[in-house]
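Notes follow the structure.
The values are calculated or read from the model by the stated rules, or taken from the named source; none is laboratory data. What you see is a predicted model; the values in this text were computed from it and never measured. With ideal geometry, Cβ positions are generated from the backbone for all residues, glycine too; neighbour counts draw on all protein chains shown.
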Amino acid sequence: MAAFGSFALLIALALAAWNLLAGAVALRLIATGQPSAISPERLADTARRAGIAGFWAVTAAAFALVWSVFTNDFSITYILEHSNRALPGAYKFSAMWSGQEGSLLLWAWLLGAYGFVLRLTHKRDVKLYAYAGAILAGIQVFFLAILCFAAPPFSLYRGAIPADGAGLNPLLQYPEMVIHPPMLYLGYVGFSVPFAFALGALMMRYPGEKWIKITRVWTMVTWLFLTLGIFLGMHWAYAVLGWGGYWGWDPVENASFMPWLTGTAFLHSVMMQEKKGMMKSWNVWLIFSTFLLTLLGTLLTRAGLVSSVHAFAQSSIGTWFTVFMGIVLAVCIFTYILQRDHLKSEHHLESLVSRESSFLFNNLVLLAACFVILWGTLFPILSEYVVGNKVTVGAPWYNAVAVPIGLFLLFLTGVGPLLPWRATSFRAIKRNFVLPCIALWATVAVCLAVGVKPWKDGAFDQGSFYAIVAFALSAAVFTAIASEFMRGTLVIARQSGRNLIWAKFMLIRRNTRRYGGYIVHIGVVIVVVGLAGAAFNRSVESEMALHDKLSIGPYVLECVGATQDSNANYNSEYALLDVYKGGKKQFQMSPEKRVYLASEQPQTMVAIHSRPEWDLYVVYEGTNPDTGQPIIKAFLNPLVSWIWAGVALMFWGTLIALVPSLKPAAQKGGQA
């Protein structure tokens, strides 16, 4: 299989190179109109077919790697280092992205799959799709060149082949890790498509805004994948790492978050270009930046430039990525300078208090957040280059800078939908903002009444203050969006004479993009409420002998046993804890510590009991070597389940926004 996989990659590289070369020549001939012995249309079609064939070649290589994992072919170095015989079948798939070479192959395969879909739908706009296809081929050439020459996944092991492999990284032996990396990669790789359309449209001076509509759909799908990938990663970190949190401002976490921020900004600002012909240059550079940030994230993960639980070891492919990013940036700058007169805005901002200005401020805040995170992520690298040693930037710095930015962004989320286009009258402001303001101050009053106060032990408590602000703004934004839904629902109900449920359904169906977006915003509000709960986390830790008790919040944990277990893949130790509330036993929890036999690496398996108001989160930290008794750490984390509920709502809102709106029925004889 090693020879087959390597040959498939070489074939895929040759096909991608032909796709790029033939496509570029054909497009040049068409643009100049010069006579040629070869029909440029036919040459472009051969390029498209080469792209389709290239996808199947990469698929064959990916199949060869997966087959080698399942057949325990330890003659391949990658399989030897990332799998073993006792590894469960589901996690054998995870071996494909557990190492550098396999993850790059997954990237190339997903890029081929996106290109395959694009090339099959090329008749929607043959010329634009030809440009996008050639640009995607250029990106594919880069990744396949790395796979063929710098990080080959089918390298053979030199020496006597061991009977068993080193095993999969224990951190990846968790159900979500079968889904999280592919979902994240679908987001990362998917941004190549809107980038290709944007660059292609700029190269050919594409008339009108049709390319924006095509790009918007691709970007929404990609944004959804990246969103789900980020939050699945958060849930994995929460359930596996055993530190009681879900986001630690890790450099690789940041690397996935930055293109999400710029991609979100692009999705908002394209509405300005569609409706008003504004922010054309802005939109082009937003999508260029998003693609470059996905490459930067891949570079940080694979080159070993930063210290992270997610990152791979030091690697020489960092030079490849640095050079490629330089080439991409140079192409973008050159094309923009050459065609910038094509991006002149058709209208200008008329008022600072308008929906247009809210979109502009929204973009500025998102980019400010991205810059802050980028600076903090790269600061250790820059400091090492300047002063000779790495100076890391920790979570307190990020929270101090990013949290206020995030709260201001939440404010804009509520303000934008309430502002009309062009300009806003004082009467409109008064009408639209009364209820949200009431909700905001009522929430502040409730927080203070129930004991949530911005001070602790007589001193100002920044965490509690920010939490109160987040709760209040969330209530205001939710009220603003809910009032928009209610106004539209009542209008349709009066016009149709139908009930409110039917009217709300029709309201959404008639403008799925707008109201799907509102549902996404409600999901964001719910996520923010969940994140704000972290200000009130509590934790206790204790060594627990048999029948010892540990109290946290309303719960009392009693140790009723500690035992061991083993199977072919790992040995485990776990504690049995009865949980009481109000003197009555509620349930039992069994936090666990595993040691995987192949790698001899430990792994924490957290026990979590979730309720809408809080999570009881219990970690088995091992045993005291002197007494042999288990050490238990328990957390009470408020509102965490709201985060996952908000993500689910964001998912459904995005799906609704992707559905075409219901067109008005044709008028016949004066009747609908």
*Would you confirm whether any residue within region 54-66 is surrounded by fewer than 20 Cβ atoms within 10 Å (Cβ to Cβ), more than 21 Å from L186 (Cα to Cα) and in the same structural domain as I146 (by TED's automatic domain parsing)?*
no
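Rundown of residues vs (1) under 30 Å from P602 (Cα atoms); (2) at pLDDT 90 or above; (3) surrounded by 17 or more Cβ atoms within 10 Å (Cβ to Cβ), yes/no style:
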site: A265; (1), (2), (3): no, yes, yes
site: K276; (1), (2), (3): no, no, yes
site: G304; (1), (2), (3): yes, no, yes
site: F324; (1), (2), (3): no, yes, yes
site: I327; (1), (2), (3): no, yes, no
*Among S383, S315, which is modelled with pLDDT under 90, more than 24 Å from the chain's Cα centre (by Cα), outside any loop (DSSP other than H, G, I, E, B) and not acidic (D, E)?*
S383
*Is it the case that some residue within region 485-496 is farther than 26 Å from W644 by Cα, outside any helix (DSSP H, G or I) and either in contact with a strand residue (DSSP E or B) (Cβ under 8 Å, 6 or more places away or on another chain) or at pLDDT 90 or above (or both)?*
no
*Give the residue, chosen from S94, S103, S36, that is closer than 28 Å to A196 by Cα, modelled with pLDDT under 95, assigned to a helix (DSSP H, G or I) and polar (S, T, N, Q).*
S103
*Which listed residue, of P207, P251, P259, is free of Cβ contacts under 8 Å to residues at least 40 places away in the same chain and at negative phi*: P207
*Where a residue in region 540-556 is in contact (Cβ under 8 Å) with a residue 40 or more places away in the chain and hydroxyl-bearing (S, T, Y) and its partner, wherever it lies, is surrounded by 14 or more Cβ atoms within 10 Å (Cβ to Cβ) and in a loop (DSSP other than H, G, I, E, B), with Cβ under 8 Å and at least six apart*: S542/D548
*Among T294, T298, T262, which is within 12 Å of the chain's Cα centre (by Cα), farther than 14 Å from L367 by Cα and not acidic (D, E)?*
T294
*Quick one: which of S464, S496, S483 is polar (S, T, N, Q) and within 21 Å of Y398 (Cβ to Cβ)?*
S464
